[in-house]
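Here the structure is laid out as structure tokens; the discussion comes afterwards.
The values are calculated or read from the model by the stated rules, or taken from the named source; none is laboratory data. Remember, it's a predicted structure, so these values are computed and weren't measured experimentally. Positions of Cβ are backbone-derived with ideal geometry, glycine not excepted, and every protein chain shown enters the neighbour counts. All accessible areas refer to the heavy atoms of the entire protein, side chains included, with ligands and DNA or RNA removed. Shrake-Rupley method; radii C 1.70, N 1.55, O 1.52, S 1.80 Å.
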Amino acid sequence: MSTLSHLFRNVGKTLIAQACRSELAFAAPTRSTRLLSTAGADIKEMQAMESFSDVYNANFSLAWDRVTKLKKPVLAAVNGFALGGGCELAMMCDIIYAGEKAQFGQPEITLGTIPGAGGTQRLTHAIGKSKAMEMILTGNRISAQEAEKAGLVSKVFPPDQLVNEAVKTAEKMASFSKTIVAICKECVNASYNMTLTEGLHFEKRFFNATFSTHDRKEGMTAFVEKRAPDFKDC
């Protein structure tokens, strides 16, 4: 296995393992981005590839694709440079928080290629065609503040507060019914691949289905009785 393929797989496996161990998966794309950028090792490896089959068989982002299939929320905390694959990995997550000095970009155009792990697709969905075109066709980066304004990032924090704030959000989501959280996530993600009419129908079916769960009854009963709910994840 090549060094780069191994690195991509390790990042994916780490995220999957976290999801299996804990109530909430937590991703930190900045660390993977730093590794991918060290001494240009990843570029040197890709530069040596000379055919379609070389790249096709390497399938760098295969392990990362599994991140998008997780039922548990994945929260990315970006505290540095999320460029190329790092930006693409962050966009595979459900929520992105950024440190004040973080930067985002898809610089593949400067290397004579294009984003290959969702950059042209997810970035366009996140910030719109015009801004995505500008970033991808120029290789220009945007700051954390610009990313928040464009809708790519949910919130921006001072670097020393970033992880703590991300953990707070993770803990809040983890306090709710894991079953209902997973249903919410599935409905939001479905909106990317459906018309509004189809999406509303999809949502309504799941809304109705929640009335057969213990946690829906417990949540409403607790509200009426003015007490904290005791969710059982069923």
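Things to note:
- In the range 49-69, the residues that are surrounded by fewer than 20 Cβ atoms within 10 Å (Cβ to Cβ) and either touching a Pro at 6+ places or on another chain (Cβ under 8 Å) or modelled with pLDDT of 80 or more (or both): 52, 53, 68, 69
- Candidate set from the range 84-110 (those that are in a strand (DSSP E or B) and under 10 Å from the mean Cα position of the chain (by Cα)); member that is surrounded by the fewest Cβ atoms within 10 Å (Cβ to Cβ): 95
- Within the range 131-148, tally of residues that are in a helix (DSSP H, G or I) and either surrounded by fewer than 16 Cβ atoms within 10 Å (Cβ to Cβ) or acidic (Asp, Glu) (or both): 7
- Taking (1) among the acidic types (Asp, Glu); (2) exposed (fewer than 12 other Cβ atoms within 10 Å of the Cβ); (3) modelled with pLDDT of 95 or more in turn, residue 171 satisfies each apart from (3).
- Scanning the range 149-174 for residues that are touching a residue at least 40 places away in the same chain (Cβ under 8 Å) and not in a helix (DSSP H, G or I) turns up 152, 153, 154, 155, 156, 157, 158.
- Looking across the range 179-205, the residues that are under 18 Å from residue 68 (Cβ atoms), part of a helix (DSSP H, G or I) and among the aliphatic types (A, V, I, L, M) come down to 181, 182, 183, 188, 190.
- Scanning the range 206-234 for residues that are loosely packed, with under 12 Cβ neighbours inside 10 Å, of a type outside the set (Gly, Ala, Ser) and in a loop (DSSP other than H, G, I, E, B) gives 211, 225, 226, 227, 230, 234.
- Boolean, residue 111 is touching a residue at least 40 places away in the same chain (Cβ under 8 Å) and over 16 Å from residue 144 (Cα atoms): yes
- Filter result (touching an Asp or Glu at 6+ places or on another chain (Cβ under 9 Å) and either open to solvent by less than 70 Å² (accessible area, probe 1.4 Å) or part of a loop (DSSP other than H, G, I, E, B) (or both)) within the range 111-130: 114, 115, 116, 117, 118, 119, 123
- Hits in the range 203-233 (condition: touching an Asp or Glu at 6+ places or on another chain (Cβ under 9 Å) and either under 19 Å from residue 126 (Cα atoms) or of a type in the set (Phe, Trp, Tyr) (or both)): 206, 231
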